[in-house]
Amino acid sequence: MTEAWVPSRRELDRRDVRRRQRLVSVLVATITTLVVFGLAAAVVLSSPGWPTVRETFFDWHHAKESFPSVRDGFWINVKLFLICEPIILVLALGVALARSARSAWLVPVRLVAAFYTDVFRGIPTILLVVLLAFGMPALGLQGVPNSALFWAGVALVLSYGAYVAEVFRSGIDSIHPSQVASAEALALSRSQTLRFVVVPQAVRRVLPPLLNDFVSLQKDTALVAAAGIFDAVFAARDYGNYNFNYTPLVVVACFFIVMTVPLARFTDWLQRRLAERERAGAR
């Protein structure tokens with residue numbers, strides 16, 4: 001029967017040194033953080049205009065009074081995000097595949113896809129929201145909704161679809177040609193190669209930037225306020241214009257922070273996990 005391993009004296013010394021180094025590192029980080037944030041708070045709180053800023057932007061009474069209307073308006077932002085996100089994914093993947101097509105028969109489709117990404121990436125999203133929300137209902141088209149909210153959502157889909165399509169295309173282009181050659185050697189067709197070999201790997205590679213785009217989309221749902229839609233921002237501005245106080249805008253900012261921070265932390269975790277898997281595969 002073998003004896004249990006007992007660390008040597010040198011190993012115990014090394015562990016003790018590493019423990020002391022971690023303790024010193026945590027202590028330095030804590031002190032540095034407290035000093036930096038303490039100085040920043042002191043500068044803000046001792047500034048001559050702080051009483052006015054506190055009364056205008058951080059008034060507890062106006063925060064409580066505006067909370068119900070901001071909460072109801074924020075639900076519109078959440079619904080807009082939840083509806084637009086899956087549509088953007090489908091549209092962007094289709095556009096990316098169209099731009100990656102190599103068949104001579106699909107040249108018109110490739111030109112349309114390139115035109116779409118060039119045009120809608122070039123137009124500021126807020127301008128597109130205003131143009132579609134006010135312009136399309138004026139056409140009086142039959143068979144489609146004429147509400148400003150619908151067309152503001154369409155504007156977000158078109159704008160973000162162009163950006164996300166390029167993210168997908170970068171993932172598709174990152175797949176090594178030997179993968180495609182191997183699939184062709186196995187007698188897979190072009191569509192089967194894309195479906196079973198290229199797209200799954202490409203999507204896995206671009207997941208972190210995709211999630212970053214959706215963090216941006218969560219915030220940009222507030223742009224629909226420019227079209228007069230009664231979302232959280234519009235509700236806050238309405239309350240502020242009536243009561244001459246901007247505290248509701250800070251309340252809206254808190255709502256967006258609560259919604260976006262979890263997804264941002266998930267994105268960071270996913271990036272670390274993918275990096276660890278790549279490092280493990282490289283060993």
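The values are calculated or read from the model by the stated rules, or taken from the named source; none is laboratory data. Since the structure is predicted, the reported quantities are computational estimates derived from the model, not experimental observations. Glycine gets a Cβ as well: all are built from the backbone with ideal geometry, and neighbour counts include every protein chain shown. Accessible surface is based on the protein model in full, side chains and every heavy atom, while ligands, DNA and RNA are left aside. Shrake-Rupley method; radii C 1.70, N 1.55, O 1.52, S 1.80 Å.
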Test result for Ala226, open to solvent by 80 Å² or more (accessible area, probe 1.4 Å) and either out of contact with any Gly (no Cβ under 8 Å at 6 or more places or on another chain) or at pLDDT 90 or above (or both): no
Condition met for Val164 (touching a residue at least 40 places away in the same chain (Cβ under 8 Å), closer than 23 Å to Gln271 by Cα and either surrounded by fewer than 19 Cβ atoms within 10 Å (Cβ to Cβ) or hydrophobic (A, V, I, L, M, F, W, C) (or both)): yes
Failed item, numbered, when Glu3 is tested on (1) free of Cβ contacts under 8 Å to residues at least 60 places away in the same chain; (2) in a helix (DSSP H, G or I): (2)
Top-ranked residue in region 175-194 [being among the hydrophobic types (A, V, I, L, M, F, W, C) and within 29 Å of the chain's Cα centre (by Cα); ranked as least open to solvent (accessible area, probe 1.4 Å)]: Ile175
Qualifying residue in region 89-107 (condition: in contact with a helix residue (DSSP H, G or I) (Cβ under 7 Å, 6 or more places away or on another chain), modelled with pLDDT of 90 or more and closer than 14 Å to Ile229 by Cβ): no
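Would you check which residues across region 195-206 are open to solvent by less than 60 Å² (accessible area, probe 1.4 Å) and at pLDDT below 85 and list them? Show your work before the answer.
Restricting attention to region 195-206, the residues satisfying the condition of being open to solvent by less than 60 Å² (accessible area, probe 1.4 Å) are 197-203, 206.
Scanning region 195-206 gives no hits.
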Residue satisfying all of: in region 113-125; open to solvent by less than 70 Å² (accessible area, probe 1.4 Å) and aromatic (Phe, Trp, Tyr); nearest to Pro200 (Cα to Cα) among these: Tyr116
Within region 113-150, tally of residues that are more than 22 Å from Ser170 (Cβ to Cβ) and either among the hydrophobic types (A, V, I, L, M, F, W, C) or part of a helix (DSSP H, G or I) (or both): 19
